[in-house]
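The values are calculated or read from the model by the stated rules, or taken from the named source; none is laboratory data. Being a predicted model, the structure only gives us computed values, none of them experimental. With ideal geometry, Cβ positions are generated from the backbone for all residues, glycine too; neighbour counts draw on all protein chains shown. Heads up: the accessible areas ignore ligands, DNA and RNA and are worked out on the full protein's heavy atoms, side chains in. Shrake-Rupley method; radii C 1.70, N 1.55, O 1.52, S 1.80 Å.
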Amino acid sequence: MAKKEKGGFWVGLAAAIFFPLTRILARRKFVGLEHIPFDKPVLVVANHISYLDPVYSAVFVRCGRRVPRFLAKASLWKVPVLGPILKGSGQIPVHRGSVDARRSLQSGLEALGEGKVVVIYPEGTITRDPEVWPMHSHVGVGRLAVDHCVNGEAVCVPMVHWNTHLVFDRYKKKLSLFPRKTVTVQAGPPLDLSRFQGREVDGDLLREVTDHLMGEVRSLLAEVRGETAPTEFYTVRKKKDDEPKDGQK
């Protein structure tokens, strides 16, 4: 059996907190750990339905004997206790709406280039779909996949969470421990992205790859839920106040 990837003090501290926490919050069902290879860089593409998702994602990947690196909102680095853990364990802050956003993506590319596991939630926030399906996603994940997975250097693995939203509902700000829920985290087989090889890397390609990846995540979620997935991604409509006025772009 391959040895567990070393994580250092901060990863060990996070594990000491997160492993028992996932047991306390709900019953835990992990499926597909065998799809996280030990000897290759891995891009894990996941849905996002609750603030608890990263906790379960981290424990899932660690159960696969790897150390996860998350692309996560930079504001989390300011949270007491959590901030030092994120910094010490080598997580990647994402500064949205700034020039630093490119730097965050570059850090993700470098982590894959170093053979690490990178976990990304391409929706950028918890889904607002009323039926809890994945939303229209940002194309940063497409860039990561094109640069490292299309050529086979890294593998791209879809992963889904289900029922974390029933334990903690972000929009209702409600924690519900009883009755006990079963939180499922399931990974699917690595995706074959060879059909994107040789294509010019432009905005159209990144959008196509992103939608393909999230389509696979949506299909895996439909399998976990035992339901039929929608054919379109939910899109948050802009408020009228957010729309450009005459003469503005």
If I compute solvent accessible area with a 1.4 Å probe over the protein chains, what percent of it on the chain is carbon and sulfur?
54 percent
Pop the C-beta distance of Asn151 and Arg180 into the FRET formula with R0 = 35 Å and round what comes out to the nearest 0.05.
0.20
Candidates per trypsin sites (Lys or Arg not before Pro) in the range 1-70, loop by DSSP, up to 14 other Cβ within 10 Å
Lys3, Lys4, Lys6, Arg65
Residue-ordered couplings for the range 3-10, obtained by feeding phi - 60° into the Karplus form 6.51 cos²θ - 1.76 cosθ + 1.60 and rounding to whole Hz (Gly and Pro as x), are 6, 5, 4, 6, x, x, 4, 5
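Quote to one decimal, in nm, the extra length available between Asp202 and Thr231 on full extension: 0.36 nm per residue of separation minus the C-alpha distance between them. Working shown, then result.
On the way: separation 29, 0.36 × 29 = 10.44 nm, distance 2.46 nm.
My answer for the length gained is 8.0 nm.
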Give, to the nearest whole percent, the P(r) tail of the range 101-249 beyond 26 angstrom, counting all Cα pairs.
36 percent
Suppose only helical runs count, i.e. DSSP H with n ≥ 4. What mean residue ellipticity at 222 nm does that imply for the chain under -39500 (n - 2.57) per run, divided by all residues and rounded to the nearest 500 deg cm²/dmol?
-11000 deg cm²/dmol
Where the only charges are on Cβ atoms (+1 Lys, Arg; -1 Asp, Glu), what is the dipole of the chain about its Cα centre, to the nearest 20 debye?
1300 debye
Given Cα pairs under 8 Å that are at least 6 residues apart, what percent is the relative contact order of the range 105-249?
29 percent
What are the radius of gyration and Dmax of the range 1-71, computed over its Cα atoms and given in Å?
12.1, 34
Taking the Cα atoms of the chain, what is the range of coordinates along each of the three principal axes, in descending order and whole Å?
55, 42, 39
Dividing the mean separation of Cα pairs under 8 Å (6+ apart) by the residue count of the chain yields a relative contact order in percent of 26 percent
